[in-house]
Amino acid sequence: MSGVEQEWPLYEIFVRGKRGLNHVHVGSLHAADDEMALRHARDVYTRRNEGVSIWAVRADAVVASSPDEKDPLFAPAGDKVYRHPTFYAIPDDVPYM
Amino acid sequence: MTVSEADQLVDFEATIARHDRIEPRDWMPEKYRATLVRQVAQHAHSEIIGMQPEGNWITRAPSLRRKAILLAKVQDEAGHGLYLYSACETLGASRQDLTLKLIEGRQKYSSIFNYPTLSYADVGTIGWLVDGAAIANQVPLCRTSYGPYGRAMIRICKEESFHQRQGFELLSTMMRGTDAQRAMVQESVDRFWWPALMMFGPPDVDSPNTEQSMAWGIKRDTNDELRQKFVDMTVPQARALGVTLPDPDLVWDEERQAHDFAQPDWDEFATVVKGSGPCNAQRIAHRRRAHEDGAWVREAATAFAHGGLEARSARTSTSVDESGAPAAQRGLEARSARTSTSVVARGGLEAQTSTSVEASTP
């Protein structure tokens with residue numbers, strides 16, 4: 001029987017811990033459809049009031065950057081130190097800045 | 001090894017040396033991946049099989065309060081198994097394959113769960129000693145080098161604390177009860193003490209994988225170090241409970257600032273690991289039965305999910321390809337070809353898909 005059985009699709013689960021916070025990835029689970037994914041996510045990831053909202057996303061719908069290309073992909077940010085406030089020297093006696 | 005693989009190995013080793021985490025899509029040595037799959041799968045299986053010894057007492061819990069607690073704890077074990085299966089799948093393992101490997105005996109689970117729960121005191125002892133040993137094992141794993149495994153361990157450790165405390169509280173309630181209850185607790189502790197010590201695995205001299213696992217940051221402490229830590233934490237708790245740990249050699253060593261204690265029976269450990277413990281056959285048979293008895297539920301849910309799609313596509317589909325079939329239905333057809341039941345459930349598609357169904361049925 002098990003050889004024929006088709007595995008349910010994988011969903012990635014994101015939980016908003018409380019109002020004011022972003023949804024954060026907490027893990028994944030298998031479900032037959034979207035509704036079941038939400039129900040399973042509630043049981044698996046929010047047994048102790050860990051969340052006020054859940055997103056379930058089919059894992060095959062997630063687009064991800066490749067770790068192999070992380071250097072060229074993130075290189076443009078590497079040499080732009082002037083984007084950080086600490087790049088600018090401000091005299092110590094200038095207040096509120 | 002190609003030049004680029006050599007470069008990747010250097011990157012990998014540097015990440016480990018920085019105590020940084022390896023993440024799922026990073027390159028990793030095949031042996032690192034295989035070691036993790038084995039360890040995380042074994043850990044996940046332990047959580048799932050671990051539901052059985054305690055589940056044994058749910059219907060016979062002595063009060064509604066104890067029943068609610070025990071249900072919550074057993075549900076947590078299922079949850080822990082799922083966190084860990086999910087971590088294992090990020091390494092490329094398939095859930096279905098992991099389940100099959102468990103019920104076919106090709107992957108192991110902790111030998112502790114092959115011991116029976118003979119009295120209600122065992123529910124307390126498992127929480128106190130077995131989950132206590134698990135915590136000693138798992139807290140350092142929160143810093144393991146593989147990201148998803150470490151994150152699963154953090155969630156699990158938070159919840160294990162409830163497990164251990166409810167066990168201790170259960171035992172201390174019984175210890176304040178009748179002589180018969182106290183005797184029941186002592187008898188339970190006598191049975192579980194040695195198997196609990198075995199949970200840390202064989203002595204370091206007989207643990208060939210430890211060195212490599214520590215070099216890779218998968219394990220953070222050796223088996224003997226963790227066993228020592230567990231004994232040192234447990235002795236004062238036993239004293240507070242008023243139970244005797246069944247080891248006449250257990251004494252405080254002033255010089256080492258640690259307890260001396262006897263080794264468990266490692267021959268018994270080997271026997272249980274090989275499959276001949278008191279409950280090995282029963283645990284696996286039960287897991288297999290649950291899996292097989294659940295097959296129709298999984299199939300029905302799959303059919304329902306596809307049926308819902310079909311109903312939606314019938315209402316909304318307008319796009320039609322050269323063959324005349326609505327696009328949404330073509331997607332359905334491809335999916336239904338994979339499972340025979342969903343084809344049966346949809347008579348209209350049966351004729352179209354029967355050849356591909358045969359082709360895909362081993």
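In the range B:139-157, which residues are in contact (Cβ under 8 Å) with a residue 60 or more places away in the chain and either open to solvent by less than 20 Å² (accessible area, probe 1.4 Å) or among the polar types (S, T, N, Q) (or both)?
Scanning the range B:139-157 gives B:P140, B:L141, B:T144, B:S145, B:Y146, B:G147, B:P148, B:Y149, B:G150, B:A152, B:I156.
Restricting to the range B:1-60, name every residue that is small (G, A, S), within 14 Å of chain A (Cβ to nearest Cβ) and touching a Leu at 6+ places or on another chain (Cβ under 6 Å).
B:A44
Mind listing whichever residues of the range B:251-297 are more than 19 Å from B:A196 (Cβ to Cβ), away from chain A (no Cβ under 14 Å) and in a loop (DSSP other than H, G, I, E, B)?
B:E254, B:E255, B:R256, B:Q257
Name the residues in the range B:155-170 that are at pLDDT below 95 and of a type in the set (F, W, Y), would you?
Passing the criteria: only B:F162.
Okay, residues lined up against (1) at pLDDT below 95; (2) within 18 Å of the chain's Cα centre (by Cα); (3) open to solvent by less than 60 Å² (accessible area, probe 1.4 Å):
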{"position": "B:R256", "(1), (2), (3)": "no, no, no"}
{"position": "B:F261", "(1), (2), (3)": "no, no, yes"}
{"position": "B:W266", "(1), (2), (3)": "no, no, yes"}
{"position": "B:F269", "(1), (2), (3)": "no, no, yes"}
{"position": "B:K274", "(1), (2), (3)": "yes, no, no"}
{"position": "B:Q282", "(1), (2), (3)": "no, yes, no"}
{"position": "B:A285", "(1), (2), (3)": "no, yes, yes"}
{"position": "B:R288", "(1), (2), (3)": "no, yes, no"}
{"position": "B:E292", "(1), (2), (3)": "no, no, no"}
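Taking the stated definitions as given, is A:P67 farther than 24 Å from B:A301 by Cα and either within 13 Å of another protein chain (Cβ to nearest Cβ) or surrounded by 13 or more Cβ atoms within 10 Å (Cβ to Cβ) (or both)?
In short, yes.
Taking the range B:67-109 on its own, how many of its residues are of a type in the set (K, R) and either within 16 Å of B:P148 (Cβ to Cβ) or outside any helix (DSSP H, G or I) (or both)?
Residues meeting the conditions: 3.
Can you tell me which residue is nearest to the chain's Cα centre (by Cα) among those in the range A:17-37 that are away from chain B (no Cβ under 13 Å) and open to solvent by 70 Å² or more (accessible area, probe 1.4 Å)?
A:N22
Please determine, by comparing only the residues of the range A:44-63 that are free of Cβ contacts under 8 Å to residues at least 24 places away in the same chain and open to solvent by 60 Å² or more (accessible area, probe 1.4 Å), which one is nearest to the other protein chains (Cβ to nearest Cβ).
Looking at the filtered set, the residue picked out is A:R48.
Here is a list of conditions, (1) surrounded by fewer than 16 Cβ atoms within 10 Å (Cβ to Cβ); (2) among the aliphatic types (A, V, I, L, M); (3) under 20 Å from the mean Cα position of the chain (by Cα), and B:L64 meets all of them except one; can you say which number that is?
Unmet for B:L64, out of (1) surrounded by fewer than 16 Cβ atoms within 10 Å (Cβ to Cβ); (2) among the aliphatic types (A, V, I, L, M); (3) under 20 Å from the mean Cα position of the chain (by Cα): (3).
Are there any pairs with C-beta distances below 7 angstrom linking a residue in the range B:122-138 that is within 13 Å of B:E54 (Cα to Cα) to a residue that is open to solvent by less than 10 Å² (accessible area, probe 1.4 Å) and of a type in the set (D, E), with the two at least 6 apart or on different chains, and if so which?
B:V123/B:E54; B:I126/B:E54; B:D131/B:E160
The values are calculated or read from the model by the stated rules, or taken from the named source; none is laboratory data. Keep in mind that this is a model prediction, so the values were computed, not measured. Heads up, the Cβs are rebuilt from the backbone with ideal geometry, glycines too, and the neighbour counts pull from every protein chain shown. Just the protein is used for accessible areas: all its heavy atoms, side chains included, with ligands, DNA and RNA removed. Shrake-Rupley method; radii C 1.70, N 1.55, O 1.52, S 1.80 Å.
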